[in-house]
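Undergrad: My structure is below; once you've seen it, I'll send some questions.
The values are calculated or read from the model by the stated rules, or taken from the named source; none is laboratory data. The structure presented is a predicted model; accordingly, all values stated were derived computationally and were not measured. We place every Cβ from the backbone using ideal geometry, glycine too, and count neighbours over all the protein chains shown. Surface accessibility is based on the protein's heavy atoms, side chains included, excluding ligands, DNA and RNA. Shrake-Rupley method; radii C 1.70, N 1.55, O 1.52, S 1.80 Å.
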Amino acid sequence: ILYDKGAEQFKMVENVMLALFESFFCVILIIPLFYKSKRTVVLIVLLLLFCSVWTVGILSVVGLKLNQYTIAGISIALGLVADSVLLISEIYEQKRKKMLFFSEIKKLIPAIIAASLTTILCLVVLFFLDNLVSGIRQIAFSILVMILCSLVLSIVFFPAYCVKDEEYGLYLNTSF
């Protein structure tokens, strides 16, 4: 008797992928309600896409394949990843001048790092529950990787792309 569960596994992965796209779609639908600038919305969506791609790449480098657990972790992390970027975008909406914006971001960086590390600390417990809940370690690891990718992207790259200032050499040719 063959016990082939391939079709059942494929169906579960399909459901998790659908959940990932649904959560990504919900985040994309909610963001324009709070930001007037189309440019900001596009930058946030691009950051979420880049975070997802970087996470998949890092997971493959580490040796984890995309399965229902890693995709579920990425889906859960989408909301966590957006928090720091939304905060930076809000500061940009309030302070349109470059120097004011970057001085506020400098003050905000320790808080963003602390918030990300606090979230990561909460995930440490999940690494020890793999005997009780199968696959929880993979979910926690993919959330951890996505939060770290988001931290790097939101602190290093995102503020520079928020500012559209040709005088200072930051050229982002978008016609919003």
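Undergrad: What number goes with the only condition from (1) closer than 30 Å to Arg137 by Cα; (2) free of Cβ contacts under 8 Å to residues at least 24 places away in the same chain; (3) of a type in the set (A, V, I, L, M); (4) open to solvent by 40 Å² or more (accessible area, probe 1.4 Å) that Val45 does not pass?
TA: Exception for Val45: condition (4).
Undergrad: Out of curiosity, is Ser116 in contact with a Cys (Cβ under 7 Å, 6 or more places away or on another chain) and open to solvent by less than 50 Å² (accessible area, probe 1.4 Å)? Write out each step before concluding.
TA: Details: in contact with a Cys (Cβ under 7 Å, 6 or more places away or on another chain): no; open to solvent by less than 50 Å² (accessible area, probe 1.4 Å): yes.
No; evaluated as a whole, the condition is false for this residue.
Undergrad: Also, I was wondering about something else. Within the group Cys51, Cys26, which residue is open to solvent by less than 80 Å² (accessible area, probe 1.4 Å), free of Cβ contacts under 8 Å to residues at least 24 places away in the same chain and under 26 Å from Cys122 (Cα atoms)? Quick ask: steps written out before the conclusion?
TA: Numbers: Cys51 fails: free of Cβ contacts under 8 Å to residues at least 24 places away in the same chain.
Going through Cys51, Cys26 in turn, the sole match is Cys26.
Undergrad: Between a first residue in segment 113-141 that is over 25 Å from Ile88 (Cα atoms) and a second residue that is buried (at least 16 other Cβ atoms within 10 Å of the Cβ) and of a type outside the set (A, V, I, L, M, F, W, C), which pairs have beta carbons less than 6 Å apart while being 6 or more apart in sequence or on different chains?
TA: Listed pairs, sorted by first residue: Phe127/Arg137; Asp130/Arg137; Gly135/Tyr69; Gln138/Tyr69; Gln138/Thr70; Ile139/Tyr69; Ile139/Gly73.
Undergrad: In segment 8-37, which residue that is of a type in the set (D, E, K, R) and modelled with pLDDT under 80 is farthest from Thr55 (Cα to Cα)? Explain how you work it out, then say what you get.
TA: If we filter segment 8-37 for residues that are of a type in the set (D, E, K, R), which is where we start, we get 8, 11, 14, 22, 36.
The next check asks that each one be modelled with pLDDT under 80; those that pass are 8, 36.
On the way: Glu8: 26, Lys36: 29 Å.
Of everything passing the filter in segment 8-37, Lys36 is farthest from Thr55 (Cα to Cα).
Undergrad: Can you say whether Ala160 is assigned to a helix (DSSP H, G or I), open to solvent by less than 40 Å² (accessible area, probe 1.4 Å) and closer than 30 Å to Ser103 by Cβ, as far as the supplied structure shows?
TA: Values: assigned to a helix (DSSP H, G or I): yes; open to solvent by less than 40 Å² (accessible area, probe 1.4 Å): yes; closer than 30 Å to Ser103 by Cβ: yes.
The answer is yes for Ala160.
Undergrad: Of all residues being without any contact (Cβ under 8 Å) to a residue 24 or more places away in the chain and surrounded by 15 or more Cβ atoms within 10 Å (Cβ to Cβ) in segment 67-99, which is farthest from Pro159 (Cα to Cα)? Just the residue, please.
TA: Looking at the filtered set, the residue picked out is Lys95.
Undergrad: With respect to Ser103, determine if the residue is under 25 Å from Thr40 (Cβ atoms), of a type in the set (S, T, N, Q) and without any contact (Cβ under 8 Å) to a residue 24 or more places away in the chain.
TA: Numbers: under 25 Å from Thr40 (Cβ atoms): yes; of a type in the set (S, T, N, Q): yes; without any contact (Cβ under 8 Å) to a residue 24 or more places away in the chain: yes.
Considered against the rule, which asks whether it is under 25 Å from Thr40 (Cβ atoms), of a type in the set (S, T, N, Q) and without any contact (Cβ under 8 Å) to a residue 24 or more places away in the chain, Ser103 comes out as yes.
Undergrad: Could you say whether any residue in segment 89-96 is part of a helix (DSSP H, G or I) and either at pLDDT 85 or above or over 25 Å from Leu29 (Cβ atoms) (or both)? Break it down stepwise before answering.
TA: From segment 89-96, those part of a helix (DSSP H, G or I) are 89-94; that's our starting set.
Among the residues that remain, those that are also either at pLDDT 85 or above or over 25 Å from Leu29 (Cβ atoms) (or both) are: none.
The answer is no; no qualifying residue exists.
Undergrad: Restricting the search to segment 141-157, which residues are among the polar types (S, T, N, Q) and farther than 18 Å from Ile109 by Cα?
TA: To start, the set of residues in segment 141-157 that are among the polar types (S, T, N, Q) comprises 142, 150, 154.
Result: Ser142, single match.
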